[in-house]
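Just so you know, all these numbers are worked out from the coordinates, no wet-lab data involved. Fair warning: this is a prediction, and the values are worked out from it, not measured in the lab. As a convention, Cβ positions derive from the backbone with ideal geometry for all residues, glycine included, and neighbour counts pool all protein chains shown.
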Amino acid sequence: MVSSSASRAPVFVVTGPSGAGKGTLLGELLRRRPELRVAVSATTRPRRPGEHDGRDYVFLSEKEFGRRVEAGGFLEHIAYVTGHRYGTLWTEIDRIAGAGKVCILELELRGALAVEERMPGAISIFVNAPLDELERRLRERATESSGEIDERVALARSQLERAADFDHVVENDSVERAVAELSAIVDRELARAAATIPLHESPTH
């Protein structure tokens, strides 16, 4: 399936190891950049109290999720050990582009790598953090046993080694500085995309 958003503003993909602070940085970036919209993920997990379909997640049955996978409806999708599936629908990307906004995805490493493969024009950003800080954050917020925490720390360490696979690397050593760098990356990439749009096309506003 080819998304109709292919000739519009680029899609930004933000990834990085657990504990790197992706969500914090994106929340602040969105507050400063109203033209950005985070794509709402689809999932097969049950809706929790207070969650709204289409706002928190696009809630799909296992059968419907599978049907859309077979139809090519997903840009990327993965299954977690919990048995629930998550993914990014092409229709969500088109919805954001059609509203004149710039789409940004917050994905785990596997999902981000899948987007790089299936959508070469996407701009990938890897959020990094010092390893000792990552370990501190993971241990502070963990509810698992010490062995499971050690596994998470080891996973984060291995994920840090994939940073070079992405277009940009942002070090989250300071939220203010890192958000400023993210915003500058968005500016540069949007300007580059606008400069390459053919004369018979108009950029999305």
For segment 40-67, how many residues meet the condition of being assigned to a loop (DSSP other than H, G, I, E, B) and under 14 Å from Thr88 (Cα atoms)? 7
Output yes when any residue across segment 113-124 is of a type in the set (Gly, Ala, Ser), in a helix (DSSP H, G or I) and closer than 19 Å to Ile93 by Cβ, and no when none is. yes
Matching residues, segment 166-186, being part of a helix (DSSP H, G or I) and among the acidic types (Asp, Glu): Glu176, Glu181
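Yes or no: segment 12-23 includes at least one residue that is over 26 Å from Arg139 (Cα atoms) and touching a residue at least 24 places away in the same chain (Cβ under 8 Å). Break it down into steps so the answer makes sense when it comes.
At the first step, the residues of segment 12-23 found to be over 26 Å from Arg139 (Cα atoms) are 12-13.
After this cut, where a residue has to be touching a residue at least 24 places away in the same chain (Cβ under 8 Å) as well, the list is 12-13.
There is at least one residue in segment 12-23 that is over 26 Å from Arg139 (Cα atoms) and touching a residue at least 24 places away in the same chain (Cβ under 8 Å).
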Considering every residue within segment 93-108, establish whether at least one is touching a Lys or Arg at 6+ places or on another chain (Cβ under 7 Å) and more than 25 Å from Asp56 (Cβ to Cβ). no
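Taking Ser183, is it hydroxyl-bearing (Ser, Thr, Tyr) and either over 30 Å from Glu35 (Cα atoms) or exposed (fewer than 14 other Cβ atoms within 10 Å of the Cβ) (or both)? Spell out the reasoning first.
Numbers: hydroxyl-bearing (Ser, Thr, Tyr): yes; either over 30 Å from Glu35 (Cα atoms) or exposed (fewer than 14 other Cβ atoms within 10 Å of the Cβ) (or both): no.
So Ser183 fails the test.
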Out of curiosity, is Glu116 surrounded by 14 or more Cβ atoms within 10 Å (Cβ to Cβ), within 24 Å of Arg47 (Cβ to Cβ) and among the acidic types (Asp, Glu)? no
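Mind listing whichever residues of segment 81-97 are exposed (fewer than 13 other Cβ atoms within 10 Å of the Cβ) and on the phi < 0 side of the Ramachandran plot?
As a first pass, look at segment 81-97 and keep what is exposed (fewer than 13 other Cβ atoms within 10 Å of the Cβ): 81-83.
Matches in segment 81-97: Val81, Thr82.
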Going by what's in this entry, would Ile104 be described as buried (at least 21 other Cβ atoms within 10 Å of the Cβ), touching a residue at least 40 places away in the same chain (Cβ under 8 Å) and in a helix (DSSP H, G or I)? no
Among the residues of segment 5-54, write down those that are of a type in the set (Lys, Arg), surrounded by fewer than 22 Cβ atoms within 10 Å (Cβ to Cβ) and within 13 Å of the chain's Cα centre (by Cα). Arg37
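Please work out if Glu148 is in contact with a Ser or Thr (Cβ under 6 Å, 6 or more places away or on another chain), surrounded by fewer than 14 Cβ atoms within 10 Å (Cβ to Cβ) and among the charged types (D, E, K, R). So that I can check it myself, show each step before the final result.
Values: in contact with a Ser or Thr (Cβ under 6 Å, 6 or more places away or on another chain): no; surrounded by fewer than 14 Cβ atoms within 10 Å (Cβ to Cβ): yes; among the charged types (D, E, K, R): yes.
No.
Looking at segment 73-85, is at least one residue touching a residue at least 60 places away in the same chain (Cβ under 8 Å), more than 20 Å from His168 (Cα to Cα) and out of contact with any Gly (no Cβ under 6 Å at 6 or more places or on another chain)? Before you say what the answer is, go through the steps one by one.
Kept after step one, since they are touching a residue at least 60 places away in the same chain (Cβ under 8 Å), are these residues of segment 73-85: 73, 75.
Still in the running and more than 20 Å from His168 (Cα to Cα): 73, 75.
Adding the requirement that they be out of contact with any Gly (no Cβ under 6 Å at 6 or more places or on another chain) leaves 73, 75.
There is at least one residue in segment 73-85 that is touching a residue at least 60 places away in the same chain (Cβ under 8 Å), more than 20 Å from His168 (Cα to Cα) and out of contact with any Gly (no Cβ under 6 Å at 6 or more places or on another chain).
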Within segment 145-153, identify whether any single residue is touching an Asp or Glu at 6+ places or on another chain (Cβ under 6 Å), of a type in the set (Val, Ile, Thr), part of a helix (DSSP H, G or I) and without any contact (Cβ under 8 Å) to a residue 24 or more places away in the chain, and answer yes or no. yes
If you take the residues in segment 106-120 that are under 19 Å from Gly72 (Cβ atoms) and of a type in the set (Asp, Glu), which one is nearest to the chain's Cα centre (by Cα)? Glu116
